[in-house]
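Asks: Structure incoming, see below.
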Amino acid sequence: MSASHPHDRWIVLKFGGTSVSRRHRWDTIGKLAKKRAEEHQARVVIVVSALSGVTNELTAIADGAADSAQRIAALEARHREFLAELELDAEAVLGERLAALRALGSDPRAGSRALDWQAEVLGQGELLSSTIGAAYLAGQGLEIGWCDARQWLSALAIPNQSAWSQRLSVSCDAQGSEELRAAFSQQPTRVLISQGFIARHADGGTAILGRGGSDTSAAYFGALLKARRVEIWTDVPGMFSANPREVPDARLLTRLDYFEAQEIATTGAKVLHPRSIKPCRDASVPMAILDTERPELPGTSIDGSVEPVPGVKAISRRNGIVLVSMEGIGMWQQVGFLADVFALFKKHGLSVDLIGSAETNVTVSLDPSENLVNTDVLAALSADLSEICRVKVIAPCAAITLVGRGMRSLLHKLSDVWATFGKERVHMISQSSNDLNLTFVIDEADADGLLPILHGELIDSGAMPVEDDTVFGPRWREINGAVRPRATPWWQVQRSRLLELAQAGTPRYVYHLPTVRERARALAAIAPIDQRYYAIKANSHPMLLRTLVEEGFGLECVSYGELQRVFEAVPELSPRRVLFTPSFAPRAEYEAAFGLGVTVTLDNVEALQRWPEVFRGRTLWLRVDLGHGDGHHEKVNTGGKASKFGLSAARVDEFVAAARALDITLTGLHAHLGSGVEAEGHWRLMCDELAGFARRIGTIEIIDIGGGLPIPYHADDEPFDLDAWAKGLEEVKAVHPAFRLAIEPGRYLVAEAGVLLAAATQVIEKDGIRRVGLDAGMNALIRPALYDAWHDIANLSRLEEQDTASFDVVGPICESSDVFGRRRKLPATTAPGDVMLISDAGAYGYSMASTYNQRDLPKEEVLDV
Ligand code: LLP
């Protein structure tokens, strides 16, 4: 061993309170230290916190608690008990240290609570825990030495700092010197253990690092020693793309650069103290956050050599934010107005977080984790400020922050996020000048439940590039084993048949009837629904239509062409099982539909006024717009003022009067407010609202709540919870038992039953991007180009190979949007001639295909095995 070698490379391992309070955790610490030393031919410094809860007790003692003597006795007992658990001789290991603790209780400085005495008291926890650790690990056969952090970390004297800060909230010199490194390496053992939280004061006594102390100590050690890396061992797997307790779909962030990590640590994640990043960043020492209980997980690595991946990495929420809005007349003309305002914040010891300004208003936010913002301080500040402007304090607020590189270049992908915030009262929007964060401040109460929605929107829009596995790891739910395993998709089982079909020509859609039946039966089992229709616009292949009719579904059509298709495919179908729900259709289509005897739905008064003879004496359903909509993309939202669909709720009475005048009987009330809606409460609300109108109309027998059920296109999408949906409908139906209930889904029944097979034509590299071209393009499947929709893509010819390389998957159409997916992982050997499969393409695939660029329509095939 090269104990005295001046160029030894160190690895710093830091363990927090929970990691040092249990015997089995110390076994892990010992194993990890040994493993690191061996794996990396390195030497190891272990930096530890006090046993959990000990620092709080010491703080009470340092604050002069009346029962300090009892507290000291309890601390002593606690440590003795732990030594017993570790089967160590308490007296031999800790006798001196416990005596020092007792002596501090009766120290003459205790009366005045001198700052140097307080620092010594506070530092006892780490001195005790590190001494215990050294004894226990040595007993386990590890060659380990104890070192006093105060010998190596020296507090910096910062001008203008209060005496309190200079003693109890210090920063340290992180530069070090070759001499210091050489001296440190002189210590004889390969592994050393030291303390977090404490450093040496200029007077030789103890100083305290303050908040985040132990993480920061480890970072200082890392920087001083120019360590290989600093590992922060905690009881969570690392940093996540959102707080996993609020967003179980949050992804582990496996790799970040220092700046992003700093921003995430500052705006929310509690796993790493933000102060600890700078020392490592300045010294270019990589950091890692790892889970002591699950050391096999990748954790979060933070370093400077990361190729920056643009995109949102995390979304966080801070509560208890106070906004101070200051209104002054013509303030920009007033020289020094801002200086006067900020001087008052300084006077009250408040550091400002966000700033927004307008011609006559400046609004700032105060973050409670940085400030003591109690009502007294705010009242005093307001009183002072009101001398120079009108003041309004808005609290409690929540600051919701998106963090990631290149926020400004992502704005076009954030439209859904903006729309979601648009539903709340946004007090302030602030974009950081380092282009790393975008923050929205709203009322705290409005923020509840918002994070999972926003997180989902960031993924769906591609703003959070979760498919990039250099940055994004597994989901929290997966790590905790709370993911329901998905069934193997049918197309994997049918692979060889599909490869054969591809030989007969591509591009080709293939539909799997057993999957269609399975979905149909799942919907048929939902008791509160009385009538089911299939929206054939999703896929009108005759065999699918016949299959669904056999399963008891009626068919919903939106054009005369669809009606013709239905009666060609299923000639024996009773017209009573067919709905006609057109939008802006010509008169002739209504006439033809009545001629066929199908149920016609109308959604405007104007048609009754213009063509009274077409509708006189008929039975009709009425489609209304309930004033709100939803959906997987704004282009499929079919409710609200901006949508062309449905009769405005404000004109229902007018419609009913016009219909009566024409002797029309209204028997059904219908709404379809969007497609791919994930909120299962959506239909329950519709049902309730429609029932309200139905009562008013008087003749309504059936309520049709449309389609719109989503499917999980992306691994991050949860499968739709049919049970919860059914329960909601049951409850609402119990309230309105007078009406029969109908649905008319399209996608849910057929999307997962269809795949698009295409052949790879070329693989081309250009400026670092590798593209695989297919013989199918946006003319064959337009959803990615039109809605930025996600479809999984697989190389069916090489299914057994690992997906290790990144490709953009494109088509042959002369449009830049002819892209099926970007940065998709596929086998590195992907080559022309391979059969590629685009999954979940059974809905709105072939039915939206075109011959653009004079390319043929895809072929279609149906499997019933
Ligand atoms: N009922 C009516 C009146 C509709 O307009 C639609 C779909 C449905 C039912 C069936 O909706 P589904 O259950 O499939 O969500 N091309 C888009 C979807 C447009 C949906 C149009 N209307 C896409 O590929 O996502």
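Asks: Is it fair to say Arg616 is at pLDDT 95 or above, away from the ligand (no atom under 16 Å from the Cβ), in contact with an Asp or Glu (Cβ under 8 Å, 6 or more places away or on another chain) and open to solvent by 60 Å² or more (accessible area, probe 1.4 Å)?
Replies: Numbers: at pLDDT 95 or above: yes; away from the ligand (no atom under 16 Å from the Cβ): yes; in contact with an Asp or Glu (Cβ under 8 Å, 6 or more places away or on another chain): yes; open to solvent by 60 Å² or more (accessible area, probe 1.4 Å): yes.
Spelling it out, Arg616 is indeed at pLDDT 95 or above, away from the ligand (no atom under 16 Å from the Cβ), in contact with an Asp or Glu (Cβ under 8 Å, 6 or more places away or on another chain) and open to solvent by 60 Å² or more (accessible area, probe 1.4 Å).
Asks: Being open to solvent by less than 10 Å² (accessible area, probe 1.4 Å) and under 30 Å from Ala288 (Cβ atoms) narrows it down to one residue among Ala447, Ala463; which is it?
Replies: Only one candidate qualifies: Ala463.
Asks: Taking Ser316 as meeting all but one of (1) open to solvent by 20 Å² or more (accessible area, probe 1.4 Å); (2) of a type in the set (Ser, Thr, Tyr); (3) within 17 Å of the chain's Cα centre (by Cα), write down the number of the exception.
Replies: (1)
Asks: Follow-up. Within segment 653-676, can one find any residue that is more than 26 Å from Phe580 (Cβ to Cβ), part of a helix (DSSP H, G or I), among the charged types (D, E, K, R) and away from the ligand (no atom under 16 Å from the Cβ)?
Replies: There is no residue in segment 653-676 that is more than 26 Å from Phe580 (Cβ to Cβ), part of a helix (DSSP H, G or I), among the charged types (D, E, K, R) and away from the ligand (no atom under 16 Å from the Cβ).
Asks: Looking only at segment 747-775, which residues are within 16 Å of the ligand (Cβ to nearest atom) and of a type outside the set (Val, Ile, Thr)? If you could, list the steps in order and put the result at the bottom.
Replies: Taking segment 747-775 first, the residues within 16 Å of the ligand (Cβ to nearest atom) are 747-756.
Residues satisfying the conditions are Arg747, Tyr748, Leu749, Ala751, Glu752, Ala753, Gly754, Leu756.
Asks: Restrict the check to segment 843-863 and report whether at least one residue is part of a strand (DSSP E or B) and open to solvent by less than 50 Å² (accessible area, probe 1.4 Å).
Replies: So far as segment 843-863 goes, yes, one or more of its residues are part of a strand (DSSP E or B) and open to solvent by less than 50 Å² (accessible area, probe 1.4 Å).
Asks: Then there is this: Out of the residues in segment 588-604 that are assigned to a loop (DSSP other than H, G, I, E, B) and open to solvent by 20 Å² or more (accessible area, probe 1.4 Å), state the one that is nearest to the ligand (Cβ to nearest atom).
Replies: Out of the qualifying residues, it is Asn604.
Asks: Next question, about the same structure. With the requirement that a residue be surrounded by fewer than 18 Cβ atoms within 10 Å (Cβ to Cβ), modelled with pLDDT of 85 or more and under 16 Å from Leu378 (Cβ atoms), what does segment 352-368 give you?
Replies: Of everything in segment 352-368, just one residue is surrounded by fewer than 18 Cβ atoms within 10 Å (Cβ to Cβ), modelled with pLDDT of 85 or more and under 16 Å from Leu378 (Cβ atoms), namely Val352.
Asks: Given the conditions (1) within 24 Å of Arg747 (Cα to Cα); (2) modelled with pLDDT of 95 or more; (3) open to solvent by 20 Å² or more (accessible area, probe 1.4 Å), which single one is not true for Trp790?
Replies: For Trp790, the failing item is (2).
Asks: Can I ask one more? Would you be able to tell me the number of residues in segment 192-244 that are open to solvent by 10 Å² or more (accessible area, probe 1.4 Å) and aromatic (Phe, Trp, Tyr)?
Replies: Of the residues in that region, 3 qualify.
Asks: Here's another thing I want to ask about it. Taking Gln262 as the residue in question, decide whether it is surrounded by fewer than 19 Cβ atoms within 10 Å (Cβ to Cβ) and not acidic (Asp, Glu).
Replies: It is false that Gln262 is surrounded by fewer than 19 Cβ atoms within 10 Å (Cβ to Cβ) and not acidic (Asp, Glu).
Asks: Looking at (1) closer than 28 Å to Leu451 by Cα; (2) more than 24 Å from the chain's Cα centre (by Cα); (3) part of a strand (DSSP E or B), which one does Arg275 not meet, given that it meets all the others?
Replies: Tallying (1) closer than 28 Å to Leu451 by Cα; (2) more than 24 Å from the chain's Cα centre (by Cα); (3) part of a strand (DSSP E or B), Arg275 fails exactly one: (3).
Asks: With respect to the numbered conditions (1) closer than 25 Å to Asn319 by Cβ; (2) open to solvent by 30 Å² or more (accessible area, probe 1.4 Å), which one is the sole condition not fulfilled by Val247?
Replies: (2) is the only condition that Val247 fails.
Rundown of residues vs (1) away from the ligand (no atom under 16 Å from the Cβ); (2) part of a strand (DSSP E or B); (3) open to solvent by 30 Å² or more (accessible area, probe 1.4 Å), yes/no style:
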residue: Ile703; (1), (2), (3): no, yes, no
residue: Leu709; (1), (2), (3): no, no, no
residue: Pro712; (1), (2), (3): no, no, no
residue: Pro719; (1), (2), (3): no, no, yes
residue: Ala738; (1), (2), (3): yes, no, yes
residue: Pro745; (1), (2), (3): no, no, no
residue: Leu781; (1), (2), (3): no, no, no
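Asks: Among the residues of segment 400-414, is any of a type in the set (A, V, I, L, M) and open to solvent by 20 Å² or more (accessible area, probe 1.4 Å)?
Replies: Yes.
Asks: Next question, about the same structure. Can you confirm whether Trp621 is closer than 30 Å to Leu685 by Cβ and modelled with pLDDT of 95 or more? If you could, list the steps in order and put the result at the bottom.
Replies: Values: closer than 30 Å to Leu685 by Cβ: yes; modelled with pLDDT of 95 or more: yes.
Yes, satisfied.
Asks: Which condition does Leu290 not pass, out of (1) within 21 Å of Gly481 (Cβ to Cβ); (2) in contact with a His (Cβ under 8 Å, 6 or more places away or on another chain), if it passes all the others?
Replies: For Leu290, the exception is condition (2).
Asks: Now, a different point. Can you pull out the residues in segment 793-830 that are among the β-branched types (Val, Ile, Thr), part of a strand (DSSP E or B) and open to solvent by 10 Å² or more (accessible area, probe 1.4 Å)?
Replies: Across segment 793-830, the qualifying residues are Ile793, Val810, Val819.
Asks: A follow-up question, please. Being closer than 30 Å to Pro712 by Cβ, open to solvent by 20 Å² or more (accessible area, probe 1.4 Å), within 12 Å of the ligand (Cβ to nearest atom) and touching a residue at least 12 places away in the same chain (Cβ under 8 Å): is that true of Gly627 here? Before you say what the answer is, go through the steps one by one.
Replies: Details: closer than 30 Å to Pro712 by Cβ: yes; open to solvent by 20 Å² or more (accessible area, probe 1.4 Å): yes; within 12 Å of the ligand (Cβ to nearest atom): no; touching a residue at least 12 places away in the same chain (Cβ under 8 Å): yes.
Answer is no for this residue.
Asks: Would you call Leu757 in contact (Cβ under 8 Å) with a residue 24 or more places away in the chain and touching a Ser or Thr at 6+ places or on another chain (Cβ under 6 Å)?
Replies: yes
Asks: Based on this model, can you work out whether Lys641 counts as within 16 Å of the ligand (Cβ to nearest atom) and either open to solvent by 70 Å² or more (accessible area, probe 1.4 Å) or outside the structural domain of Glu689 (by TED's automatic domain parsing) (or both)?
Replies: Here the answer is no, as Lys641 does not meet what is asked.
Asks: Is there a residue in segment 315-336 that is in a strand (DSSP E or B) and within 21 Å of Thr470 (Cβ to Cβ)? Lay out the reasoning, then the answer.
Replies: Step one: of segment 315-336, the residues in a strand (DSSP E or B) are 315-327.
From the residues that got through so far, the ones that are within 21 Å of Thr470 (Cβ to Cβ) too are 315.
Yes.
Asks: Would you please name the residue that is nearest to the ligand (Cβ to nearest atom), looking only at residues in segment 568-587 that are over 12 Å from Leu602 (Cα atoms) and touching a Gly at 6+ places or on another chain (Cβ under 8 Å)?
Replies: Val578
Asks: Here is a follow-up. I'm trying to understand the selection: among the residues of segment 502-528, which are more than 18 Å from Val750 (Cβ to Cβ) and not in a loop (DSSP other than H, G, I, E, B)?
Replies: Passing the criteria: Ala502, Gln503.
Asks: Ok, one more. Collect the residues in segment 512-552 that are within 12 Å of the ligand (Cβ to nearest atom) and hydrophobic (A, V, I, L, M, F, W, C), keeping them in residue-number order.
Replies: If we filter segment 512-552 for residues that are within 12 Å of the ligand (Cβ to nearest atom), which is where we start, we get 519, 523, 532-539.
Selection gives Leu523, Ala535, Ile536, Ala538.
Asks: Considering only residues of segment 378-396 that are aliphatic (A, V, I, L, M) and either open to solvent by less than 30 Å² (accessible area, probe 1.4 Å) or in a strand (DSSP E or B) (or both), which is nearest to Gly328 (Cα to Cα)? Full working, then the answer.
Replies: We begin by selecting, within segment 378-396, every residue aliphatic (A, V, I, L, M); these are 378-381, 383, 385, 388, 391, 393-395.
Then keep just the ones that are either open to solvent by less than 30 Å² (accessible area, probe 1.4 Å) or in a strand (DSSP E or B) (or both); that gives 378, 381, 385, 391, 393-395.
Working: Leu378: 19, Leu381: 16, Leu385: 11, Val391: 9, Val393: 15, Ile394: 17, Ala395: 21 Å.
Going through the qualifying residues, I end up with Val391.
Asks: Would you say Gly833 is surrounded by fewer than 17 Cβ atoms within 10 Å (Cβ to Cβ), assigned to a loop (DSSP other than H, G, I, E, B) and not acidic (Asp, Glu)?
Replies: It is true that Gly833 is surrounded by fewer than 17 Cβ atoms within 10 Å (Cβ to Cβ), assigned to a loop (DSSP other than H, G, I, E, B) and not acidic (Asp, Glu).
Table: residues versus (1) outside any loop (DSSP other than H, G, I, E, B); (2) in contact with a helix residue (DSSP H, G or I) (Cβ under 6 Å, 6 or more places away or on another chain); (3) under 23 Å from Asp716 (Cα atoms).
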| site | (1), (2), (3) |
| --- | --- |
| Ser194 | yes, yes, no |
| Gly210 | no, no, no |
| Val236 | no, no, yes |
| Val271 | no, no, no |
| Leu290 | yes, no, no |
| Val306 | no, no, no |
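The values are calculated or read from the model by the stated rules, or taken from the named source; none is laboratory data. Nothing here was measured: the structure is a model prediction, and the numbers come from that model. FYI the Cβ positions are ideal-geometry reconstructions off the backbone, even for glycines, and counts take in every protein chain you see. Each accessible area value is taken on the protein alone, full model and side chains, heavy atoms only, with ligands, DNA and RNA left out. Shrake-Rupley method; radii C 1.70, N 1.55, O 1.52, S 1.80 Å.
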